[in-house]
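First comes the structure, then the notes that go with it.
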Amino acid sequence: MLKLTNLRMWVLAAAATGMLASCQKNGQMPALKDADQTATGAKTIKTLAVSLTQGFEVGATSPKTAYDVSPTGSSSGDNVTLSGSSWNMYDALIGNLAADQKAGSWSARVRNTGKITMLFDVTTGISTVTIKSATYNGDTPSTWGLFYSVNGGSSWTQSGSAITTTATLTTSTFTVTQTGNVRLEIRKLSGGTNRINIDDITINDNGGGTGGGTVLTGKKFLFDASHLENAGSADWQIDADGTEQVAIYTGGTTTETKAQRIPTPSYTGITSSTTETYWKGALSAWAVELVKRGELVESLPVGTAITYGGGGAQDLSNYDVFVVCEPNRLFTAAEKTALMNFVANGGGLFMIADHTAATTAGTDANGYNPSDRDGDGYDSPRVWNDLMTNNGINNNNPFGFSVNYVDINESPSTNVYTGSNADAQKVLNGAAGTASKMAFYDGSTATLFPANNSTVQGLFWRNSATNGGNANAMALLATYGSGRVVWIGDSSDADDGTGDTGDNLFNGWSGDAPSGYTSHSSFHLNASFWLAKAQ
């Protein structure tokens with residue numbers, strides 16, 4: 001991170017059955033009414049068999065609360081934006097009542113002869129479609145059918161037979177086998193005023209692995225704000241509407257912005273042209289871009305413990321990726337267990353560190369105070385090393401690296417990985433573009449230990465270091481169990497230059513001086529998609 005005292009310097013997917021689990025909402029949260037969903041569509045890439053998922057997760061408030069009466073209402077239904085694309089809902093709404101059968105927090109509810117219609121085409125054809133449906137609790141069964149159009153909705157053909165709803169959500173699979181432009185419509189066919197629920201629509205493309213696909217939408221990202229990421233001249237939050245008193249290394253406290261769980265205004269207002277200042281935080285650009293690509297974002301507020309498998313609304317089992325940018329407090333023993341188990345069981349952990357020195361007392365070799373912003377004797381490199389050497393599960397650097405206690409500047413490094421590691425290529429050359437340069441403004445490096453974890457792979461090194469070597473890595477990735485980790489040694493690259501007006505922030509995300517190191521955003525977004533198994 002750039003401080004007040006400093007100088008300015010995500011293969012062809014598995015078969016459709018294998019992909020299906022990753023396309024559905026992660027973790028069932030029946031009591032949760034504010035899981036986020038999305039805005040603009042993701043960039044087309046040629047690596048996945050799934051081209052669209054729709055789970056009707058719409059955040060704190062439904063954009064369609066009544067049957068064609070309000071909020072906009074018309075006799076021909078209402079248009080709503082879901083995952084950045086327009087759908088028409090006629091005699092249908094998006095509900096989260098106890099009687100609604102749903103895979104997450106929300107599902108579509110349809111009555112009479114209502115229908116849900118795509119107002120856009122998927123351009124890579126459709127091989128199969130899976131849809132979950134159920135009878136609205138308390139009503140009697142109805143039937144519904146899936147229809148497709150290859151001429152922009154001028155005419156429709158039914159795919160397969162009608163489906164009769166049951167009391168619990170049941171997945172139905174339809175074989176469409178159409179190439180080119182195709183759109184879908186779900187029609188309630190019988191049952192009168194009895195209602196049905198529709199959820200988790202998944203479209204598998206018909207490109208045979210060479211015709212396209214998109215980054216999977218609906219992945220859930222949790223950004224940590226519980227370990228004083230706002231201490232001192234730091235603001236590693238996606239949105240913060242409150243304030244709190246936070247300890248500072250020089251003694252006493254300072255007034256800092258305080259993040260809340262759900263960013264406001266609602267993500268539903270985000271479009272392709274929305275600026276990152278829509279939310280207030282130095283990581284808002286990152287979060288807004290994820291939402292534009294159809295992903296979900298939340299914060300873990302201060303005072304909330306990191307848990308895994310505990311069943312709470314913000315338990316890590318409910319998320320795909322946990323982003324921790326420059327933590328200033330050690331994780332508790334229970335939190336370290338939760339983090340290790342989260343990754344081992346398939347989660348993605350984005351680890352961001354900052355500069356430091358041999359000790360946290362005094363200044364480092366560049367004359368700067370180590371990034372122990374709250375003065376408790378620990379900064380982010382030490383927090384990460386403590387996780388990897390004192391977690392009670394595997395204390396021998398299980399991710400295959402340790403963080404060096406150094407303070408470096410590279411403006412920028414072009415010493416980027418050039419090998420054939422498939423995971424590395426997804427992060428460096430993924431859906432968000434090519435990451436070819438990485439600048440550090442007082443950051444740390446890592447030493448790799450492939451003997452501890454053979455999957456560890458450096459992505460950038462200092463210009464003076466050996467490409468592909470184990471020393472002086474600026475960014476890296478690894479897998480652990482069925483999960484994934486990405487580490488980068490400086491928070492500057494994620495800094496969008498806005499947020500807490502009381503902090504000294506700089507734009508390293510997209511406007512980095514002096515030459516515009518714009519591949520920082522590509523790196524962070526590609527890494528996010530890879531961690532979420534979305535590309």
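Mind pulling the per residue volume of the convex hull built on the Cα atoms of the range 66-160? Å³ is fine. Before the final figure, lay out each step's value.
Details: hull volume 12.1 nm³, N = 95.
Per residue, the Cα convex hull of the range 66-160 comes to 127 Å³.
Sorting check: for 215-223, 163-171, which peptide has the highest mean count of neighbouring beta carbons within 10 Å, and how do the rest follow?
Working: 215-223: 25.8, 163-171: 16.0.
Highest mean packing first, the order is 215-223, 163-171.
Express the carbon and sulfur contribution to the solvent-accessible surface of the range 281-332 as a percent, rounded to the nearest whole number, probe 1.4 angstrom. If you can, show how the numbers build up before the last one.
Working: 590 of 1160 Å².
After summing per-atom areas, the C and S share lands at 51 percent.
So, in nm, how far is label N421 from label T175 when the simple model puts each one 7 Å beyond its Cα toward the Cβ?
In this crude spin-label approximation the distance works out to 4.1 nm.
Run through all the Cα pairs of the range 458-529 and give the fraction in each 10 Å bin from 0, expressed as whole percent.
18, 40, 33, 9, 0
Looking at the P(r) of the range 121-217, how many percent of alpha-carbon pairs lie beyond 18 Å? Let's see the in-between values first.
On the way: 2230 of 4656 pairs.
It works out to 48 percent of all Cα pairs.
How large is the accessible surface per residue of the range 391-439, computed with a 1.4 Å probe and reported in Å² as a whole number? All intermediate terms of the calculation are to be shown ahead of the outcome.
Numbers: 1800 Å² over 49 residues.
It amounts to 37 Å² per residue over the range 391-439.
For the range 131-201, what is the accessible area per residue in Å², given a 1.4 Å probe and the full set of protein chains? Mind showing how you got there, number by number?
Values: 2980 Å² over 71 residues.
Here the residues of the range 131-201 average 42 Å² of exposed surface.
If the convex hull of the alpha-carbon atoms of the range 211-302 is projected onto planes in all directions, what is the mean projected area in square nanometres? Each step should come with its number before you reach the end.
Details: hull surface 26.4 nm².
Quarter of the Cα hull surface area: 6.6 nm².
Bins of 10 Å, beginning at zero and ending with the bin holding the largest distance: percent of Cα pairs per bin for the range 154-200, please.
The distribution over the range 154-200 is 17, 54, 25, 4, given as percents.
Percent of Cα-Cα pairs per 10 Å bin, from 0 to the last occupied bin, for the range 332-471, please list those.
11, 36, 37, 16, 0
Please compute the modelled spin-label separation between N345 and T447, points set 7 Å along Cα→Cβ, answer in nm with one decimal.
The modelled label-to-label distance comes out at 3.4 nm.
Kirkwood hydrodynamic radius (Cα pairs, Å) of the range 282-376? Please report the intermediate quantities before stating the final value.
Values: mean 1/r = 0.0649 Å⁻¹.
Averaging 1/r across every pair of different Cα atoms and inverting gives 15.4 Å.
Any idea of the accessible area per residue across the range 273-389, 1.4 Å probe, to the nearest Å²? Walk me through the numbers before you get to the answer.
Details: 3260 Å² over 117 residues.
Solvent-accessible surface per residue comes out at 28 Å².
Looking only at the range 158-173, which residues have a backbone nitrogen under 20 Å from a spot 7 Å from the Cα of N137 in the C-beta direction?
So the set is 165-171.
Tell me the label-point distance for the pair D386, A305, using the 7 Å Cα-to-Cβ offset, in nm and rounded to one decimal.
Between D386 and A305, the label points sit 1.6 nm apart.
Using a 1.4 Å probe on the protein chains only, how many percent of the accessible area of the range 383-477 belongs to carbon and sulfur? Each step should come with its number before you reach the end.
Numbers: 1370 of 3250 Å².
Carbon-and-sulfur percentage of accessible area, whole number: 42.
The values are calculated or read from the model by the stated rules, or taken from the named source; none is laboratory data. Note that the structure is a prediction, hence the values are computed from the model and not measured. Reconstructed Cβ throughout: ideal geometry from the backbone, glycine too, with neighbour counts over all protein chains shown. Calculation scope for accessible area: heavy atoms of the full protein, side chains included, ligands and nucleic acids excluded. Shrake-Rupley method; radii C 1.70, N 1.55, O 1.52, S 1.80 Å.
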